[in-house]
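These notes are about the structure you will find just below.
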């Protein structure tokens, strides 16, 4: 009898304590992995969850107050406005030598960069592609190129990572997850073993870029099925008549 009552109590508590309806999809682990003070992580988390006590937020919670900005006395005071759009805030960012585009990416999005390489024996080419997106829901930009002659698969995949790291750093982006479907490249990037081969030299160059140009970025492994867009673009890159770098701007909703 006691066991039955205990089971009933546990079931009741689990129902009233169920907070699954409050779950918001997203790569929240990217925030908690940042190498910044805890208060900065909490600030970013509250911003992404829309928890700031802005006038718009207070109004939506039943607090009777104006919705215009307390600083500029115009517009709708929500999180976007107080962090990016308010003229006083814009001036602060400009004084810090940060552009509107850079701030938008830094504050609102965690970037995911899927990288892949393709190989053609008949064309004697290696195709490289990186697909840059936001929070795994919006495909923004792809960078493609190919080179010749053909090389080993691991060397080509490592070259794709190095090319992407160099390009992303030149765009002054940080907080990027670099995702590949080549496990050897990912594992060696996290290893401290020395390798004097061509592959090892490229990996060392990748490590150097990560250590010196990125603060909160990671290299991760993902299966090819989850790297579909990058894989298909890499295959298509091989047929381009020119090896020059091509940029493709698209908006595709859904995981890439």
Tell me the residue from 72, 65 that is modelled with pLDDT of 80 or more, surrounded by 14 or more Cβ atoms within 10 Å (Cβ to Cβ) and either touching a strand residue (DSSP E or B) at 6+ places or on another chain (Cβ under 8 Å) or over 24 Å from residue 32 (Cα atoms) (or both), please.
72
Residue 155 - would you say it is modelled with pLDDT under 85 and outside any loop (DSSP other than H, G, I, E, B)?
no
Please enumerate the residues belonging to region 182-218 that are surrounded by 15 or more Cβ atoms within 10 Å (Cβ to Cβ) and free of Cβ contacts under 8 Å to residues at least 12 places away in the same chain.
204
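Rundown of residues vs (1) in a helix (DSSP H, G or I); (2) in contact with a strand residue (DSSP E or B) (Cβ under 7 Å, 6 or more places away or on another chain); (3) at pLDDT below 90; (4) not assigned by TED's automatic domain parsing to the domain that holds residue 165, yes/no style:
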| residue | (1), (2), (3), (4) |
| --- | --- |
| 195 | no, no, yes, no |
| 199 | yes, no, no, no |
| 209 | yes, no, no, no |
| 215 | no, no, yes, no |
| 226 | yes, no, yes, no |
| 232 | yes, no, yes, no |
| 236 | yes, no, yes, no |
| 240 | no, yes, yes, no |
| 247 | no, yes, yes, no |
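If you check 148, 118, which single one turns out to be modelled with pLDDT of 80 or more, over 12 Å from the mean Cα position of the chain (by Cα) and under 20 Å from residue 222 (Cα atoms)?
Unique residue meeting the criteria: 118.
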Region 157-174, residues that are surrounded by fewer than 24 Cβ atoms within 10 Å (Cβ to Cβ) and closer than 16 Å to residue 204 by Cα
159, 162, 163, 166
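The values are calculated or read from the model by the stated rules, or taken from the named source; none is laboratory data. As the structure is a prediction and not an experimental result, all values here were calculated from the model. Quick reminder, even Gly has a Cβ in these numbers, built from the backbone with ideal geometry, and neighbours come from all protein chains shown.
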